[in-house]
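> Got a structure for you, questions after.
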Amino acid sequence: MPKPNPRHPNFPIPGGPVLRAKGWRQEGLLRLLENVLCVGEDPDNLVVYAALGKAARNWASHRAIVKALCEMEEDQTLLVQSGKPVGLLQTHAKAPLVIMANCNIVGQWAKAEVFYELQRKGLICWGGLTAGAWQYIGSQGVIQGTYEIFMRIAEKRFSGSLAGRFILTAGLGGMGGAQPLAGRMAGAAILCVDIDAERAEKRKGIGYLEHVAPDLDAALAMIDAAVKDKRATSIGLVGNAAEVYPEIARRGIVPDIVTDQTSAHDLVYGYVPKGMGLAEVKSLREDGQGQLMAASRASIVEHVGAMLEFQKKGAEVFDNGNLIRTQAREGGVANAFDIPIFTEAYLRPLFARAIGPFRWMALSGEEGDIARIDDLVLDMFAENRIVTNWIRLARENIPFEGLPARIAWLGHGERTALALAVNRLVAAGELNGPVAFSRDHLDAGAMAHPNIMTERMKDGSDAIADWPLLDAMLLSSSMADLVAVHSGGGGYAGYMTSCGVTVVADGTEAAAERLEHALTNDTALGVIRYADAGYEEALDEIAAKGIGHVAVG
Ligand code: NAD
């Protein structure tokens, strides 16, 4: 039975043993589609996260997708083009059930203005990374990534601990909302600025944010007290980061760590310029896009100016994947790229071994299934300190949203081993239902994004989009249930290409075969991508795990 969803009462959380589709593979994908709206930011408008990332093009498309998933046979494949179903074709039972291409615009045309025009005509929608591919699991999806960044900084700069350290950030949206909890889990005192009071209250309501301060003075006093006591805490502040950051700098306060996760990638639908109310911004989105773009960029210039000032005074400052440096540079901040990107600065050695954000969702809707898999992970990866530390922290601190889910950074072979073990638990009736496996698009072989994932690659291959395309073709040949190729929409147009994958573990032998091939080949491609770029970690991984890399020359 579906469960009530306190956050969005019109979008109940799917679950239970009753199938509406003709098999668990189709039902699983249907539940994931429902889930991205359950945990999304604005489900009435199909918006999942990142300003514009949508689950489907429009409600008519959504209804048609649901109908197709319910009626399709296991040997058919549904084709989705930018959130609209366009074909249901005869393939075979080992082919993907769903293949999709979201928001891919030909190079010279891939610009925000062209995207907005195509969107206005109803021809396209942005799938985000995990929104249009029905893989978003709420703020938890990025939380381990954010936590690991903070811990890498702790090791690099603060003798391994963030106790008594002050993190300043902004953005409490679909993904940014993970920051207060990640910061608190890392032991820091974290201040999160968001212009929208509703977003701050939402994060507080679901247990990701502890307090919302009435004003900046109170917020800084709360941070100060926590820093002195070396107490972990998360404080929200309603305000514009383009005003708050410069004001903190003006007062001579230097946080230990500074970043930002506002939707700076989109100057129209994401970032809110200083001095403008939310209602005014919303009205300009329709008929004042040029004005809004200019105003957002001018604010980002001030916002990044303050970040650079903090950096100059010794703070650890990084870009958390929202294109804010790029926007600032376009606005004339020539040294915006003095701020490093998180991937290159902290996580590349993990990505080079294809260790990245793997995730699983209990399609039964039962939290007990995730608890059972947590135990399994602790048992299977007892020697892996990153994983065991994370699972213990996560089960203690992360509240479930929507379908119960878990994320853990696992690598080549590890993902397959876990998924096969879970598939056996499903077969043995030890779980209440099947489990879907997926990962973020920000994964080793799955994303080309020269200002985020692939910035400053060792061999200069930053902008080559062949890898995610190869990944998608490989996954389709490797029996994945859903394969998606995405490019950027809105302000991300022209900046990225990525690939997503989902496989449903329904306890059958056929599922075991799909999991084995799809998950193994996905990370193999990731390792090969980094080996090809000359990363030693990847070459070691190839030798250690016998990955089929063809070395040329
Ligand atoms: P979102 O649209 O759901 O939320 C953005 C938030 O920023 C909103 O709450 C909005 O009120 C706030 N905001 C906008 N302008 C502001 C301003 N000037 N001052 C203060 N607050 C402001 O977006 P999201 O899903 O949270 O994603 C945020 C950004 O992070 C996006 O650019 C997204 O692409 C990026 N992202 C990065 C990663 C990663 O791996 N690091 C992952 C996912 C998303």
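> Just to be sure I understand the filter: pairs with C-beta atoms under 7 Å, separated by 6 or more residues or on different chains, first member in segment 280-292 and more than 21 Å from K121 (Cβ to Cβ), second member surrounded by 12 or more Cβ atoms within 10 Å (Cβ to Cβ). Which pairs pass?
V281/V272; V281/L292; Q291/L284
> Next question, about the same structure. Please identify the pairs in which a residue from segment 380-400 that is assigned to a loop (DSSP other than H, G, I, E, B) has its Cβ atom under 8 Å from the Cβ atom of a residue that is β-branched (V, I, T), counting only partners at least 6 apart or on another chain.
F381/V387; F381/T388; A382/T388; I398/I143; P399/I206; F400/I370
> Could you check, for segment 387-394, whether at least one of its residues is polar (S, T, N, Q), surrounded by fewer than 22 Cβ atoms within 10 Å (Cβ to Cβ) and more than 30 Å from S299 (Cβ to Cβ)?
yes
For (1) in the same structural domain as N35 (by TED's automatic domain parsing); (2) surrounded by fewer than 24 Cβ atoms within 10 Å (Cβ to Cβ); (3) closer than 22 Å to V47 by Cβ, each residue gets a yes or a no:
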{"position": "G176", "(1), (2), (3)": "no, no, yes"}
{"position": "A189", "(1), (2), (3)": "no, no, no"}
{"position": "L209", "(1), (2), (3)": "no, no, yes"}
{"position": "L220", "(1), (2), (3)": "no, yes, no"}
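> Let me ask something else. Among the candidates V254, V301, which residue alone is surrounded by fewer than 23 Cβ atoms within 10 Å (Cβ to Cβ) and assigned to a loop (DSSP other than H, G, I, E, B)?
Within the list V254, V301, the selection yields V254.
> Going through segment 345-379 one residue at a time, which ones are touching a strand residue (DSSP E or B) at 6+ places or on another chain (Cβ under 7 Å), part of a helix (DSSP H, G or I), in contact (Cβ under 8 Å) with a residue 60 or more places away in the chain and not hydrophobic (A, V, I, L, M, F, W, C)?
D369
> Yes or no: segment 265-274 includes at least one residue that is within 14 Å of the ligand (Cβ to nearest atom), part of a loop (DSSP other than H, G, I, E, B), closer than 28 Å to P399 by Cα and aromatic (F, W, Y).
yes
> Would you pick out the residues in segment 471-510 that are closer than 21 Å to N104 by Cβ and part of a helix (DSSP H, G or I)?
D471, A472, M473, L474, L475, S476, S477, G490, G491, Y492
> Out of G445, G500, G491, G507, I need the residue that is more than 30 Å from A294 (Cα to Cα) and in contact with an Asp or Glu (Cβ under 6 Å, 6 or more places away or on another chain). Which one?
Selected residue: G445, the only one of G445, G500, G491, G507 that is more than 30 Å from A294 (Cα to Cα) and in contact with an Asp or Glu (Cβ under 6 Å, 6 or more places away or on another chain).
> If you don't mind, another one. Mind listing just one residue for me: the one in segment 156-191 that is under 16 Å from A241 (Cβ atoms) and in contact with a Phe, Trp or Tyr (Cβ under 6 Å, 6 or more places away or on another chain) and, of those, farthest from the ligand (Cβ to nearest atom)?
Among them, the one singled out is P180.
> Output the number of the condition that A306 fails; it satisfies all remaining conditions of (1) farther than 30 Å from T343 by Cβ; (2) in a helix (DSSP H, G or I).
Only one criterion in (1) farther than 30 Å from T343 by Cβ; (2) in a helix (DSSP H, G or I) is unmet by A306, namely (1).
> Can you tell me which residue is farthest from the ligand (Cβ to nearest atom) among those in segment 424-450 that are under 25 Å from the mean Cα position of the chain (by Cα) and either of a type in the set (V, I, T) or outside any loop (DSSP other than H, G, I, E, B) (or both)?
Step by step, filter segment 424-450, then rank; the result is V435.
> Do you know which of the residues in segment 268-298 that are of a type in the set (S, T, Y) and under 19 Å from G171 (Cα atoms) is surrounded by the most Cβ atoms within 10 Å (Cβ to Cβ)?
Among residues in segment 268-298 that are of a type in the set (S, T, Y) and under 19 Å from G171 (Cα atoms), the one surrounded by the most Cβ atoms within 10 Å (Cβ to Cβ) is Y271.
> Across segment 393-422, what is the total count of residues that are farther than 18 Å from V503 by Cα and under 21 Å from the mean Cα position of the chain (by Cα)?
The qualifying residues number 9.
> Name the one entry in G429, G433, G413 that is surrounded by fewer than 23 Cβ atoms within 10 Å (Cβ to Cβ) and without any contact (Cβ under 8 Å) to a residue 40 or more places away in the chain.
Of G429, G433, G413, the one residue that is surrounded by fewer than 23 Cβ atoms within 10 Å (Cβ to Cβ) and without any contact (Cβ under 8 Å) to a residue 40 or more places away in the chain is G429.
> What's the total number of residues in segment 224-251 that are part of a helix (DSSP H, G or I) and within 16 Å of the ligand (Cβ to nearest atom)?
9
> I've got another one for you. Given the conditions (1) touching a Leu at 6+ places or on another chain (Cβ under 9 Å); (2) within 11 Å of the ligand (Cβ to nearest atom), and given that I153 satisfies all but one, which numbered condition is not satisfied?
Failing condition for I153: (2).
> When you scan segment 309-330, how many residues do you find that are assigned to a loop (DSSP other than H, G, I, E, B) and away from the ligand (no atom under 13 Å from the Cβ)?
Number of matching residues: 3.
> Just wondering, is there one or more residues in segment 196-209 that are among the aromatic types (F, W, Y), touching a strand residue (DSSP E or B) at 6+ places or on another chain (Cβ under 9 Å) and farther than 30 Å from S487 by Cα?
no
> If a residue counts only when it is surrounded by 15 or more Cβ atoms within 10 Å (Cβ to Cβ) and of a type outside the set (D, E, K, R), which strands (runs of 3 or more DSSP E) contained entirely in segment 15-130 have at least 3 such residues?
Qualifying strands (runs of 3 or more DSSP E): 47-49, 76-81, 98-102.
> Search segment 19-59 for residues being over 17 Å from the mean Cα position of the chain (by Cα) and basic (K, R), and hand back the single one that is nearest to the ligand (Cβ to nearest atom).
Among residues in segment 19-59 that are over 17 Å from the mean Cα position of the chain (by Cα) and basic (K, R), the one nearest to the ligand (Cβ to nearest atom) is R57.
> Select from segment 407-459 the residues that are farther than 30 Å from Q261 by Cβ, of a type in the set (G, A, S) and touching a Gly at 6+ places or on another chain (Cβ under 6 Å) and list them in ascending order.
Listed by number, the list holds a single entry, A427.
The values are calculated or read from the model by the stated rules, or taken from the named source; none is laboratory data. The structure presented is a predicted model; accordingly, all values stated were derived computationally and were not measured. Cβ: placed from backbone, ideal geometry, glycine included. Neighbour counts: every protein chain shown.
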